[in-house]
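The values are calculated or read from the model by the stated rules, or taken from the named source; none is laboratory data. In this text the structure is predicted, and so the values were computed from the model without any measurement. No Cβ is skipped: glycine too gets one built from the backbone with ideal geometry, and neighbour counts run over all protein chains shown.
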Amino acid sequence: MKTTPYGLGALLLTLLALPAPALAAAAADPTPVGARHRHTAPEISTFLASFYGHHGPSAHDRDQRVSQQLKEKQAHAPGSDVLLCAQKEPRNEPQDIAVGPVTVAQSAGVGWATVTTHWGADQQDTFTAYVRLDSRPIKLDDVICAG
């Protein structure tokens, strides 16, 4: 008779104790358990509020917390600030930024919120900021301007 190491035996006992549907789901999904996490609406809201702050994203955030897709979009629009849906000059920093409620579409794998920028003289703009639910670490994936 061949002996089974304790760790493997414990794993087998754990798997045998699982209900059949849970076992089938675990076997069907080859993704490691830690990688299956999907961002929630509160996580996305916290990220967007931190990312945009009150006056726009920092240089570090623009470099480290933005998808490659958005970096390329910015590279193709040098006169615009793609992340704020604004011209770079003369309005380069909003006076305030507000992030609205987050909507999450699990089936689409994305969450989004309307972001409102206040520029002074009662001028404001809105745009939609998107985050992929499976991004690791969490990053701004796209921005769609309202007008």
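Assorted remarks:
- Taken over region 74-106, the residue count meeting the criterion of being modelled with pLDDT under 95, among the small types (Gly, Ala, Ser) and either more than 17 Å from ASP63 (Cα to Cα) or in contact with a Gly (Cβ under 6 Å, 6 or more places away or on another chain) (or both) is 2.
- Residue list for region 98-125, filter: more than 13 Å from ALA49 (Cα to Cα), of a type in the set (Val, Ile, Thr) and in contact (Cβ under 8 Å) with a residue 40 or more places away in the chain: THR103, VAL104
- Qualifying residue in region 138-147 (condition: modelled with pLDDT of 95 or more, touching a Pro at 6+ places or on another chain (Cβ under 7 Å) and assigned to a strand (DSSP E or B)): no
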